[in-house]
1. Any idea how far apart Ala272 and Ala289 come out in nm if each label point goes 7 Å out from Cα toward Cβ?
2. Using a probe of 1.4 angstrom, how much of the accessible area of the chain is carbon and sulfur, in percent?
3. Please state the relative contact order of the chain as a whole percent: Cα pairs under 8 Å, 6+ residues apart?
4. Mind checking the per residue accessible area of the chain for me, 1.4 Å probe, whole number of Å²?
5. Along the charge dipole of the chain, Cβ charges K/R +1 and D/E -1, which of Ala221, Pro239, Ser3 sits furthest on the positive end?
6. Counting only C-alpha contacts under 8 Å and six or more residues apart, can you give the relative contact order of the range 183-319 as a whole percent?
7. Using Cα-Cα distances under 8 Å and only pairs 6 or more residues apart, what relative contact order does the range 64-112 have, in percent?
8. Pick out, from Leu87, Gly56, Ser103, the residue whose Cα sits farthest towards the positive end of the charge dipole of the range 56-103, with +1 on the Cβ of Lys and Arg and -1 on the Cβ of Asp and Glu.
Amino acid sequence: MVSPATLKGWLRDGAELAILDAREEGEFGTAHLFWAVPCPLSRAELRAPALLPRRGVRVVCCDGGEGCAERLAVVLAGIGCTDVHVLEGGVPAWRDAGYEVFSGVNVPSKAFGEWVEHHYATPSVDAAELHAMRARGEDLLIVDSRPMAEFRAMSIPGGIDVPGAELAYRVPSMLARPTTTVVVNCAGRTRSILGAESLRQTGLPNRVVALRNGTMGWELAGFRCEHGREESYAPGTPPDAPENLARARRFSRAHGVRVTDRAGLDALVRDATRTTYLLDVRDPAEFSAGHLAGSRSAPGGQLVQATDAWVAVRHARIVLVDDTGTRAHMTAGWLRQLGGWEVHVMEGGLSGHLETSLAPALPRDVPRMTVPDLAVALAEGGAMVVD
């Protein structure tokens with residue numbers, strides 16, 4: 001057991017530390033520590049090994065005081081973790097000690113998005129302004145910074161899907177005129193702010209704005225989203241890839257990102273005293289077609305938006321890789337500003353032998369069922385849900 005005061009000291013000592021919350025994500029979202037990462041008992045055997053690639057790292061398990069943390073500690077010991085602790089009294093004791101707790105999910109990333117908007121004075125428009133711009137026939141490029149599955153579910157009329165890390169890589173070649181206004185949206189706020197600011201930080205000459213409150217704000221303003229659309233960027237390497245890489249390198253270098261190669265990665269991984277995450281920030285389909293052994297697919301925009309889905313260890317090393325470098329450098333620059341990690345970009349890392357895997361998304365010809373149809377089927381005994 002560790003006391004709240006001891007854990008508070010560990011958060012400040014600069015050494016590697018992971019805080020894993022053993023509750024289910026709904027319970028986690030009601031109140032949790034700022035840097036806590038959800039690792040629900042129901043999925044701990046699958047989730048913990050990826051979150052803790054170095055089993056000797058210092059880990060603190062916490063919960064709402066109901067005993068789940070002790071059970072998670074047993075699971076971690078079973079996969080070989082050797083420095084596991086439990087927060088005495090859980091989140092209630094942390095609060096009672098006078099320390100702050102937070103609600104929601106992906107809290108560090110969302111807080112970072114708000115900081116970015118304030119720090120860089122990211123310009124934005126609301127739904128009514130964008131609707132009026134479209135009605136006037138203004139020269140616009142509306143890009144949706146979410147993954148295709150979210151874009152397909154609901155999108156701003158006229159929008160094109162260009163997920164977060166792809167923006168600085170794809171958008172410059174999509175613009176024929178410097179007078180075109182680029183509007184970046186997501187479902188809410190964070191990814192639109194980071195996407196718009198990514199384009200601004202690379203020196204794009206066009207006016208770039210974020211859509212405040214995204215598709216949610218669009219519908220709340222009384223406008224209709226579109227559904228089932230799949231418009232996206234042209235596949236393949238964009239024609240201006242070298243220029244985009246140069247701009248992305250300047251951005252990452254300004255924020256202390258390090259550059260390594262395959263030999264440097266091997267040395268980092270062999271270092272048993274530090275945790276190293278190897279994350280591939282390309283589109284998941286590109287990852288499936290060929291990736292480095294030991295890497296995980298972490299599309300760059302999603303990685304910054306929900307870092308705690310991939311990274312649990314504070315002060316760890318994060319190595320990012322892609323094929324041409326732009327997406328890795330842009331993502332790395334934001335991660336350096338977000339957290340206390342040592343961030344590297346491995347350049348030239350996708351040459352040589354690569355592993356392949358099945359695409360994570362369902363093929364388009366796989367039958368899908370709407371929620372109303374599912375409700376009817378369940379009521380009639382014609383379907384069973386397996387989560």
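1. With each label placed 7 Å out from Cα toward Cβ, I get 4.0 nm.
2. Answer for the chain: carbon and sulfur cover 55 percent of the accessible area.
3. In percent, rounded to a whole number, it is 16.
4. Result: 45 Å² per residue.
5. It is Pro239.
6. Relative contact order, the range 183-319: 19 percent.
7. 35 percent
8. It is Gly56, whose Cα lies furthest towards the positive end.
The values are calculated or read from the model by the stated rules, or taken from the named source; none is laboratory data. Being a predicted model, the structure only gives us computed values, none of them experimental. Neighbour counts run over all protein chains shown; Cβ positions are idealised from the backbone, glycine included. Keep in mind that these areas ignore ligands, DNA and RNA; they rest on the heavy atoms of the full protein, side chains included. Shrake-Rupley method; radii C 1.70, N 1.55, O 1.52, S 1.80 Å.
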